[in-house]
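Novice: Quick one: structure below, then a few questions.
The values are calculated or read from the model by the stated rules, or taken from the named source; none is laboratory data. From a predicted model like this one, the values you see are computed outputs, not experimental measurements. Ideal geometry is used to build each Cβ from the backbone, glycine not excepted, and the neighbour counts take in all protein chains shown.
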């Protein structure tokens, strides 16, 4: 069963920098994320049906502190042929947050879960599906956006089935 563990990021599709980004890419085939912005701490390609992961996640997340992250960069990466992801990220990932992600991923691996992708601290804003685009072109365009640096304390974590129901919710401590 495919599942995600996600940290919610309260940004808005209507933010001025996001509107500027969309305006610059007008005419490009992009599926914009229109809500539910998050950082995927772990994407499980497989989780054993006979293992209850909630008690272990309760142990890790129940005592975890909320992470404060300063977002200061728009970027893009390839996600397949003629497909790229436009995302919001940070140039300085907080050590406490990275340690929490590592604890969660180590726990999942110890329970027999399979995670094929490494962790990348990013908030997906849009998925480009335009054969005229490549990562270099996208980076050139998005570098024109006047992104204000902003800091957020992130505390809401959700564990859910891929495109399905919620399996657990946690609020990290301030």
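Novice: Would you check if there is a residue in the stretch 28-46 being part of a loop (DSSP other than H, G, I, E, B), under 15 Å from the mean Cα position of the chain (by Cα), touching a residue at least 24 places away in the same chain (Cβ under 8 Å) and within 21 Å of residue 139 (Cβ to Cβ)?
Specialist: Yes.
Novice: Further, regarding this structure: On the basis of being loosely packed, with under 15 Cβ neighbours inside 10 Å, touching a strand residue (DSSP E or B) at 6+ places or on another chain (Cβ under 9 Å) and closer than 15 Å to residue 79 by Cβ, does residue 117 make the cut?
Specialist: Yes, satisfied.
The rows are residues; the columns are (1) exposed (fewer than 13 other Cβ atoms within 10 Å of the Cβ); (2) at positive phi; (3) in contact with a strand residue (DSSP E or B) (Cβ under 6 Å, 6 or more places away or on another chain).
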position	(1), (2), (3)
76	no, no, yes
81	yes, no, no
87	no, no, yes
95	yes, no, no
100	no, no, no
103	no, no, no
112	yes, yes, no
127	no, no, yes
131	yes, no, no
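Novice: May I ask you to list the residues in the stretch 48-71 that are surrounded by fewer than 19 Cβ atoms within 10 Å (Cβ to Cβ), over 30 Å from residue 148 (Cβ atoms) and either in contact (Cβ under 8 Å) with a residue 40 or more places away in the chain or out of contact with any helix residue (DSSP H, G or I) (no Cβ under 9 Å at 6 or more places or on another chain) (or both)?
Specialist: Hits for the stretch 48-71 are 48, 49, 50, 51, 52, 54, 55, 56, 58, 60, 62, 63.
Novice: Right, residue 99: at pLDDT 95 or above and in contact with a helix residue (DSSP H, G or I) (Cβ under 9 Å, 6 or more places away or on another chain) or not?
Specialist: So residue 99 fails the test.
Novice: Looking at the stretch 144-151, is at least one residue farther than 20 Å from residue 11 by Cβ and touching a strand residue (DSSP E or B) at 6+ places or on another chain (Cβ under 6 Å)?
Specialist: No, the stretch 144-151 contains no residue that is farther than 20 Å from residue 11 by Cβ and touching a strand residue (DSSP E or B) at 6+ places or on another chain (Cβ under 6 Å).
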